[in-house]
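First the structure, in the form of structure tokens, and then the observations on it.
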Amino acid sequence: MNRRTFVASVGRFAVGARLALLAPFARARRGLDASLLVPMDDAQSDHLKAYGLTFRAIQAGGKVEWFLNYRGGSFLLPDVDAIRRDAALSGVAVTPVDDGAVAAMRGEIAAGNMDTVQLE
């Protein structure tokens, strides 16, 4: 299966089922409130594809946060299998983070010249 076919099939499935409905199942498997950090600094090899991944997550109904000025304007996505597969096929670097890591990032954002924006 090539990437275009996969993305089209995931898009049809995700829009119908909504990623938000899949999140509890993914969280039960990976730990409570697991998320994926999409860095936008030098760790990201293709920024345009990372924006596309984030857009598809929002389009499918996922709640995404944009961390302004944190690691180049990183995104926090829900950790679901569809997003992981899309990121892997797109070549987008993602980092799984737990609640403790997210709390540490929020603390760093609050202490610095940074902010968070909820994207819907």
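The values are calculated or read from the model by the stated rules, or taken from the named source; none is laboratory data. Predicted model, so just to flag it, every value in this text is computed and none were measured. Every residue, glycine among them, receives a Cβ derived from its backbone with ideal geometry; neighbour counts consider all protein chains shown. For accessibility, only protein heavy atoms count, side chains too; no ligands or nucleic acids. Shrake-Rupley method; radii C 1.70, N 1.55, O 1.52, S 1.80 Å.
Quick look at the numbers
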read-out	value
Residue satisfying all of: in the range 63-77; modelled with pLDDT of 95 or more and under 10 Å from the mean Cα position of the chain (by Cα); surrounded by the most Cβ atoms within 10 Å (Cβ to Cβ) among these	L77
Sole residue being of a type in the set (D, E, K, R) and farther than 15 Å from R3 by Cα, chosen from D115, D86	D115
Residues satisfying the stated conditions in the range 82-120, i.e. open to solvent by 40 Å² or more (accessible area, probe 1.4 Å) and of a type in the set (D, E)	D98, D99, E108, D115, E120
